[in-house]
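Q: Next up is a structure, given as C-alpha cells.
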Amino acid sequence: MSTVMQKIKDIEDEDSKNKATAHHLGLLKAKLAKLRRELLEPSAKGGGGAGQGFDVTKSGDARVGLVGFPSVGKSTLLNKLTGTFSEVASYEFTTLTCIPGVIVYRGAKIQLLDLPGIIEGAKDGKGRGRQVISTARTCNCIIIVLDAIKPITHKRLIEKELEGFGIRLNKEPPNLTFRKKDKGGINFTSTVTNTHLDLDTVKAICSEYRMHNADITLRYDATADDLIDVIEGSRIYMPCIYAVNKIDQITLEELEILDKLPHYCPVSAHLEWNLDGLLDKVWEYLNLTRIYTKPKGMNPDYEDPVILSSKKRTVEDFCERIHKDMLKQFKYALVWGSSAKHKPQRVGKEHELEDEDVVQIIKKV
Ligand SMILES: Nc1nc2c(ncn2[C@@H]2O[C@H](COP(=O)(O)OP(=O)(O)OP(=O)(O)O)[C@@H](O)[C@H]2O)c(=O)[nH]1
Ligand SMILES: [K+]
Ligand SMILES: [Mg+2]
C-alpha cells in the first residue's frame, strides 16, 4: 500500500514541476488514474479498507449526501431539514457514522444522509474518508457543506477528494467514443478543434492501458482527464450544491459575493436561514418528475405523485412503478400536461413524460 501511495506522490510531484510536455503529462495522468484504482479496489490491503460505504438502506425517491470537513454544520443541517437527531457539538468528528433522515418535499421522499467529516487525504484512506466517499457515490446529489468563515480553498480540497474516487461534479459524461479493436492502430478523429489532445497524447495514454488498437472520436474539446475517465469507466456524474453554512458569522458584503457563485447556496443551519432556498435547489438539481395518476372517471390524485428520475420517465417507466403486471395489460395511455400535444394526448409506452403530467392508463380488455 505504502508503495502505491509513494508512486502517487512521485507522479504528483513530477506533474507539479510542470516541465512535462502534453503527451508526457497525459501519460502521468493515466498512470495516476491506474494507481488510484488499485488503491480503491477491494483486493487492496490496509489503509482504511476498500471502497465500502456505510450500510444504510436506500429509501424514498432520491438520496442526497452531506459531505464536508469536520464541524462545518452537516449534522445541524440534517436535524433542521429532517427533524432526525444527529449529535451536534463544537468539536471535530462528532459524527462517526452515517445518519439518515427523510425530507418530504413536493410529494417526494428524499433521503438525506449525514456523514462523518472528511479530511484531506480521505480518498487515500485517511479517517473514515473512503467509507464516506463510497457512500457519496450512491447518492443522486451531493451537498458539499462549507463553513463561511473558513478559507475558500476548502471547496477545492473536498472536490479533489471526491474526484479521486471517481465522482464528477456538475459535469456531463464526456461526449467522446472509445472503441477497442483487434488491429489497425490508434485512429483519432475529432469533429471540433482540439486544444488539449493530439495524436501523440492519445497514443501515450492508450499505451499506458496497453491498448494499441482503438478508434477514438471526440465531439467536443476534451481533455486528457476526460479520455482517461472514459477508458477507466466507473465514473459517476453527479449534481452538487455548495451549501455555505454559518452565514450568521459574515458580513452582508461577503454574503452578496457568495450568493452570486454558481451552484452556491448560503445558509445558516443554526438560525434556519435560507433552508427553503436550499430545498428548492436540491429539488432543482435532483430534477425529479412527478406524475399524477388519474383513475378512469375520477380526478387525478395530486397528493401522492409517482416520482420518476429525469433519465427514466417514459410511460413504460411509470407503468413499472405502478404494478409489475401493468405493462402486460397496457393498451395506451392518456396524458395531460406539458409533454402532451393535445388535452389529452393518446400515447404509447415510449412517450417521455414531463414533471406534473397527469396519466391515465387504458388497459386491454
Ligand atoms: N454560528 C453558527 N454555528 C453553527 C451553524 N451550524 C452549526 N453550527 C455550529 O457548528 C458546530 C459544529 O456543528 P455540527 O453540526 O456538529 O457539525 P458537523 O459538520 O456535523 O461536524 P462533525 O460531525 O464533527 O464533522 C456546532 O457547535 C454547531 O452549533 C450556523 O449556522 N451558524
Ligand atoms: K462537530
Ligand atoms: Mg456531524
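Q: Could the peptides 170-181, 140-151 be put in order, highest first, of the mean number of other beta-carbon atoms found within 10 Å of their residues?
A: In descending order of packing, they fall as 140-151, 170-181.
Q: While we're on this one: With an 8 Å cut-off on Cα pairs and a minimum separation of 6 or more residues, tell me the relative contact order of the chain in percent.
A: Numbers: 692 pairs, mean separation 51.0, N = 365.
Contact order relative to length: 14 percent.
Q: Report the net charge of residues surrounding residue 22, where surrounding means a beta-carbon distance below 9 angstrom and charges are Lys +1, Arg +1, Asp -1, Glu -1.
A: -2
Q: Whole-Hz ³J(HN,Hα) for each residue in the stretch 305-319, computed from phi via Karplus 6.51 cos²θ - 1.76 cosθ + 1.60 with θ = phi - 60°, x for glycine and proline: what do you get?
A: x, 7, 9, 10, 7, 5, 8, 10, 9, 7, 4, 4, 4, 4, 4
Q: Report the dimensions of the stretch 164-225 along its three principal axes from the alpha-carbon atoms, largest first, rounded to Å.
A: On the principal axes, the stretch 164-225 reaches 37, 28, 17 Å in Cα extent.
Q: Turning to a different aspect of this structure: What are the ³J(HN,Hα) couplings of the stretch 133-143, residue after residue, when phi is run through the Karplus curve with 6.51, -1.76, 1.60 and θ = phi - 60°? Round to Hz, x for glycine and proline.
A: Working through the residues one at a time gives 6, 4, 5, 4, 4, 8, 8, 8, 7, 10, 9 Hz.
Q: Mind putting together the pair-distance distribution for the stretch 210-365? All Cα pairs, 10 Å bins, whole percent per bin, short to long.
A: Taking all Cα pairs of the stretch 210-365, the binned fractions are 9, 25, 18, 23, 19, 6, 0 percent.
Q: Expressed as a rounded percentage, what relative contact order does the stretch 223-310 have, with Cα pairs under 8 Å and six or more residues apart?
A: Numbers: 86 pairs, mean separation 18.1, N = 88.
Reported relative contact order: 21 percent.
Q: Taking the Cβ of each residue in 58, 324, 349 as the centre, tally the other Cβ atoms inside 10 Å and list the residues starting with the fewest.
A: By the 10 Å Cβ count, ascending, the order reads 324, 58, 349.
Q: Using only the alpha-carbon atoms of the stretch 289-363, report the extent along each of the three principal axes, biggest first, to the nearest angstrom.
A: 28, 26, 24
Q: Which of the pairs 58/80; 312/341; 311/341; 324/363; 281/349; 7/74 have their Cα atoms more than 25 Å apart in this structure?
A: The pairs that break the limit, which is 25 Å between Cα atoms, are 281/349; 7/74.
Q: At 222 nm, what helix-only mean residue ellipticity would the chain give, in deg cm²/dmol to the nearest 500, using -39500 (n - 2.57) for each DSSP H run of four or more? Write out the running numbers ahead of the final one.
A: Numbers: 11 runs with 116 residues, N = 365.
Computed mean residue ellipticity for the chain: -9500 deg cm²/dmol.
Q: Sticking with this structure for a sec: Given the options 115, 334, 78, which has the most mean-square fluctuation in a GNM of the chain, springs set between C-alpha atoms less than 10 angstrom apart?
A: Its mean-square fluctuation being the largest, the pick is 334.
Q: Can you give the Rg/Rh ratio of the stretch 49-185, where Rg is from the C-alpha atoms and Rh is the Kirkwood radius?
A: Details: Rg = 16.8 Å, Rh = 16.0 Å.
Ratio of gyration radius to Kirkwood radius for the stretch 49-185: 1.05.
Q: Further, regarding this structure: Could you list 138, 21, 3 so that the one with the fewest beta carbons within 10 Å of its beta carbon is first and the one with the most is last?
A: Working: 138 14, 21 11, 3 8.
So the ranking, lowest neighbour count to highest, is 3, 21, 138.
Q: So what are the radius of gyration and Dmax for the Cα set of the chain, in Å?
A: 23.7, 73
We did not get these values from a lab; they are worked out from the coordinates using the rules stated. Here the structure is a predicted model, which is why all the values come from computation and not from measurement. Here the Cβ is made from the backbone with ideal geometry for all residues, glycine too, and neighbour counts use every protein chain on show.
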